[in-house]
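Laboratory data are not the source of any read-out in this text; all were calculated from the coordinates shown. None of the values given here were measured: they were computed from a predicted structure. Quick reminder, even Gly has a Cβ in these numbers, built from the backbone with ideal geometry, and neighbours come from all protein chains shown.
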Amino acid sequence: MKIIYMGTPDFAVEPLRILLDNGYNVVAVVTMPDKAIGRHHDVLQSSPVKKFAVERGLPVLQPEKLKDPAFLEELRAFDADLQVVVAFRMLPEVVWGMPRLGTFNLHAALLPQYRGAAPLNWAVINGDKETGVTTFFLDHDIDTGRIIMQERCPIHETDNVGDVHDRLMELGSQLVLKTVRAIEDGTATSVPQEQFMTDEPLRHAPKIFKETCRIDWNAGLKPVFNFVRGLSPYPAAWTTLVGEGGKAQDVKVYDTHYLEADHSEIPGTLRVEGSTLRVAVPGGWLYIDSLQIAGKKRMQVADFLRGARITPDMHYE
């Protein structure tokens, strides 16, 4: 069986590794074009999937447009039986409909919940206690195809999205392997997502932008705590520190813990006690454990406080 593999970030590397290590014939890899980085955008950076594919000697295709006739001709020439997609991009039907056995995707959520680009982040932001991975056949609409397999995974209150990412990367890799094996031996079944619907409203997972990551100190203690860990370590929640004379600077917040308590402080008010920094939030105090001032490295709050002068009028907005 010949397989075309499509993916871009670190999350997509491990499933590819497992397929290769189990002897599957991955005839080519499709990934995003190299990204221009650097001050002058004069350095090209390969995706993690491309780097791994090159190490393993696999042909790599990097189309700018997925409907480009030259790309389609090149893809068709591989005569793949199956396409596997992990964290790539939305495919047109001319691509996902090409292999005789179809195209399936690994999605980092328990579909039909969290359709969209950032399921891991939103599950943690929403305070969910459980998530998982789903394999499903692609169809015309994003993340709506027939479900093949699912595996569940707990989300602990001590987890940030990086912890959940690593756990699901391993779980998802094994699910990709199980799904490929089932398709290969003809035992794979798939069911419409409607069969997984419950009375619970569907939650969506839209793409996250910088403004999405701004902390709302009025949101409540648990929501702010979950918001921070749902964006840590990347892309990171942020806020604006307003100091003397109204001077403002942006601060990324990575790790926190909380204390439920009654108080009358304005949300966003800062209080320093020894080597601790806490922020007033409705319902209690959020203690900041690590942060990053714009233009500086990430640091523990104790190190930050050694070099910072916190005045009574300073606050987060």
Charge context of K210, other residues only, Cβ under 12 angstrom, K/R +1, D/E -1
+1
Net charge near G268 (other residues with Cβ under 13 Å of its Cβ; Lys, Arg +1; Asp, Glu -1) is -1
For segment 71-146, just the Cα set please: Rg and Dmax, both in angstrom.
14.1, 46
Sequence-distant residues sharing a close amide H with D255 (under 5 Å, placed H)
D289, S290
Convert each backbone phi in segment 300-317 into a coupling constant with the Karplus relation 6.51 cos²θ - 1.76 cosθ + 1.60 (shift: θ = phi - 60°), then list the ³J(HN,Hα) values in order as whole Hz, x for Gly and Pro.
6, 5, 4, 5, 4, 5, 5, x, 10, 10, 8, 9, x, 8, 6, 7, 9, 10
Beyond 20 Å, how much of the Cα-Cα pair distribution for segment 60-186 remains, as a whole percent?
47
So, for the Cα atoms of segment 211-316, Rg and Dmax in Å stand at 12.6, 35
Taking segment 1-141, the whole-percent share of alpha-carbon pairs separated by over 27 angstrom is 24
Can you list residues from other chains, or at least 5 along the same chain, whose modelled amide H is less than 5 Å from the amide H of I155?
E130, T131
Whole Å is fine, so just give me how far the alpha carbon centre of segment 22-56 lies from that of segment 106-149.
25
Can you work out the Karplus-derived ³J(HN,Hα) for every residue in segment 20-32? Use 6.51 cos²θ - 1.76 cosθ + 1.60 with θ = phi - 60°, whole Hz, and x for glycine or proline.
5, 5, 9, x, 6, 8, 7, 7, 6, 10, 10, 9, 6
Cβ-Cβ cut-off under 14 Å around K222, Lys and Arg +1, Asp and Glu -1: the net charge is -2
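Once Rh is set to the Kirkwood radius over Cα pairs, what Stokes-Einstein translational diffusion coefficient, in µm²/s, holds for the chain at a temperature of 37 °C and a viscosity of 0.692 mPa s?
Rounded, D is 152 µm²/s.
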Fewest-first ordering of V60, V49, V164 by Cβ atoms within 10 Å yields V60, V164, V49
Residues M6, M299, M197 arranged by fewest to most Cβ contacts within 10 Å:
M197, M299, M6
Give me, ordered by chain and number, the residues 5 or more places off G145 or on other chains with an amide H under 5 Å from its own placed amide H.
D139
For segment 211-316, what does the relative contact order come out to in percent, with C-alpha contacts under 8 Å and a separation of six or more?
28
Ranking V94, V242, V30, V301 by Cβ neighbours within 10 Å, fewest first, what do you get?
V94, V242, V301, V30
Enter the angle in degrees (range 0 to 90, nearest 10) between the Cα long axis of helix 161-185 and the first principal axis of the Cα atoms of the chain, meaning the one along which they spread out most.
10
Per-residue HN-Hα couplings for segment 111-127, Karplus 6.51 cos²θ - 1.76 cosθ + 1.60 at θ = phi - 60°, whole Hz, x for Gly and Pro?
4, x, 6, 6, 6, x, 7, 10, x, 4, 4, 5, 5, 6, 4, 7, x
Of K247/K297; K65/K178; K65/K210; K207/K297; K35/K247, which sit over 28 Å apart, Cα to Cα?
K65/K178; K35/K247
